[in-house]
Amino acid sequence: MADSRRIEQAAADWLARREAGDGGPGEREALDAWLAEDTAHRVAFLRLEAAWQQAGRLQALAAGLPAGKVPPRGHWPTAAATAPAATPLGPPDLSGLDFAARRHAPPPPRWRHALAGALAVVALGSAAAWSGWQLTGRHQAHYASGIGQVRTQALADGSTATLSSDSELDVSITRGERHIALRRGEAFFDVAHDPGRPFVVEAEGRRVAAVGTRFSVRRDPAGLRVVVTEGKVRLESRPGADGRALPVALLPAGSVATAGRGGVLVRSLPVEEAERYLEWRDGYLTFEDTSLADAAAEFNRFNTRRLEVADAATAELRIGGNFRWSNAEGFVGLLEQGFPVRAERHPDRIVLHSQ
Amino acid sequence: MPTDFDAWFVREILAHERALAQFLQRSWPHRDELHDLRQETYARVYEAATRALPTSPKAFLFATARHLMTDRLRRSRVVSIEPVGDFESSNVYLIDEVSPERWLGTRQALKRLVEALDRLPDRCREVVWLRRVEELPQKDVARRLGISEKTVEKHLAKGMRLIADCLYGGDAAPVAGRPRHPGPVTDEDDGHGRQQAD
């Protein structure tokens, strides 16, 4: 065992002993002496102590749970009660008027879900949706978001759609199908389970079909991207120019599928990794060994002040990290600090050059 | 017990651990030395900062890591045939520095804590829950789980290490092409350095 690991272990033992609170006389002095012995001891201890202190925030999860019982993994029902309710101010809940199978009791919210409640939620086009439903027994609505807006919209079947910046979709819900046309941008769907009515998202000649699951669909100049974080979805393509049907791809959770002119490329990732593609919902962009050109394009989806890359050397710089999409300026500041990049600032755009 | 200076260190230096771990991982070919490099970097920063607080803590942290690697490279008598990454400029890993501690106290941090908790081995997770979340006295925890207080303490120490790794985590930042392993770590796993060794 390397020295540093032995030190970390010792630091953890000291901290656990201190937390036990029954240190005999001299315990405190002994700890202080150990800490003073070596800076490596001190930093190892500090690091564990600070994390342990942060772990106290987990207490928020225990509110309302029976004392002395450790909840099972992955289920954090009370987090829903402590976080603001995730139910948006969408159109009125019309499930009572529905003629299709009613939705069953929602599954226990998982913590991630519950935590997502802090997202700002705005109702759009609800009046139109309401009258459309009354007149025809079919629910139709149009939703759009502006640049820099992320909005979560409740749909009449109990599903929700989260629109990324500068996105647009049409919803049509009938007896037999829930149909979404993604006109622009990207949206994440949390689909209410309803085996009788498939939930279909259509864009660029492809259909993404699900019964009850969580996934996102995004339009890019290069094609369509589908990220599945729960359940399974089916990706179908319009028959090719020669009339031949294209194979159907079945995408399980963790899939990141890119459908372009050349076909469909599917990567299977651990679900948590796939979720990184969806961090925009929480206000972040995550890059991992991403070219600066791609990162700039990503920022440009969310901001009116554009990032432009002036030369190939700059475009090819690889970067990584986690950024607020609303803070392109801060991102540029970091680039200047850490990379051979010079930024030229204009009111409507920032141009990045090699130094 | 932590002083203001210690609080500064946690907020301005440790908050960058994820970025630092990735930087070291990319720049240094010997994975088994990463844990040690990280700790020595911290120790050097801590000592230097007690003399004079750096104005740009993150830049200082990375500069320190760079110097440390350069020193070690010079000292090592065996010339490495593996390419050592360019740790001069183009490879620096960034995190949003507008507020380096931004994730401490945020929803993201809570999310990571929940993840950390759920990835602990069973017994360890029970102990952490009862001690840290419910704040039951150590004696009660021992009685409830039918184990000795000494064992409770051992699980607690392990939980502390794993939670720190996950919270500050290099661990939460898998490198492309090297998927990390979801799910709880096993009891056999000593939990060390998963962020580097994965």
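Send over the semi-axes of segment A:283-354's equivalent ellipsoid, whole angstrom and largest first, taken as the square roots of 5 times the C-alpha gyration tensor eigenvalues. Kindly include the intermediate steps, with their values, before the conclusion.
Working: eigenvalues 49, 44, 23 Å².
So the three semi-axes of segment A:283-354 are 16, 15, 11 Å.
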Response to the item:
Final fewest-first order of B:Met69, B:Met160 on the 10 Å Cβ neighbour count is B:Met69, B:Met160
Response to the item:
With the charge dipole of segment A:218-355 built from beta-carbon charges (+1 for Lys and Arg, -1 for Asp and Glu) about the Cα centre, the Cα from A:Gln355, A:Thr290, A:Pro247 projecting farthest to the positive end belongs to A:Pro247
Discussion item. Among A:251-264, A:211-224, how do they line up by average Cβ neighbours within 10 Å per residue, starting with the highest?
Written reply: A:211-224, A:251-264
Worksheet, complete the sentence: Expressed in nanometres to one decimal, the distance between label points 7 Å along Cα→Cβ at A:Gln53 and B:Trp8 is 1.5
Worksheet item: How many nm is it between the label spots at A:Arg261 and A:Asp311, if each spot is 7 Å from the Cα in line with the beta carbon?
Response: 3.1
Worksheet entry | Label-reachable residues, segment A:298-324, where backbone N falls under 16 Å from a point 7 Å from A:Gln355's Cα toward its Cβ | A:313-315, A:317-318
Fill in: Dipole-positive endmost among A:Val208, A:Val266, A:Gly330 within segment A:196-355 (Cβ charges, Cα centre)
A:Val208
Discussion item. Please compute the contact order of segment A:177-262 in relative form: average sequence separation of alpha-carbon pairs under 8 Å and at least six residues apart, divided by the residue count, as a percent.
Written reply: 24
Worksheet entry | Translational D in µm²/s for segment B:4-75 (Stokes-Einstein at 25 °C, 0.890 mPa s, Kirkwood Rh from C-alpha pairs) | 199
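Please report A:His353, A:His139 as a ranked list, fewest other C-beta atoms within 10 angstrom at the top and most at the bottom.
Numbers: A:His353 15, A:His139 22.
With the fewest neighbours first, A:His353, A:His139 line up as A:His353, A:His139.
Which whole-number percent gives the relative contact order of segment A:3-58, counting Cα pairs below 8 Å spaced six or more residues apart? Please report the intermediate quantities before stating the final value.
Values: 24 pairs, mean separation 25.6, N = 56.
With pairs under 8 Å counted, the relative contact order is 46 percent.
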Worksheet item: Expressed as a whole percent, how much of the Cα-Cα distance distribution for segment A:226-325 exceeds 20 Å?
Response: 52
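For peptide B:117-130, how many partner chain Cβ atoms fall within 10 Å of a residue's Cβ, on average? Numbers along the way, then the final one.
Details: counts 8, 7, 1, 1, 0, 2, 0, 0, 2, 2, 2, 4, 8, 4.
Taking all residues of B:117-130 together, the mean is 3.
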Item to complete: Evaluate the distance, in nm, between pseudo-label points positioned 7 Å from the Cα of A:Glu344 and of A:Glu204 along their respective Cα→Cβ axes.
Response: 3.2
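Could you please rank A:Arg184, A:Arg238, placing first whichever residue has the fewest other Cβ atoms within 10 Å of its Cβ? Please report the intermediate quantities before stating the final value.
Details: A:Arg184 15, A:Arg238 12.
Ascending number of Cβ neighbours within 10 Å: A:Arg238, A:Arg184.
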Worksheet item: If you average the sequence gap of Cα pairs under 8 Å that are 6 or more apart and divide by the length of segment A:283-354, what percent do you get for the contact order?
Response: 38
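None of the figures in this text is laboratory data; all of them are computed from the coordinates on show. Just so you know, these numbers come straight off a predicted model, no measurement behind them. No Cβ is skipped: glycine too gets one built from the backbone with ideal geometry, and neighbour counts run over all protein chains shown.
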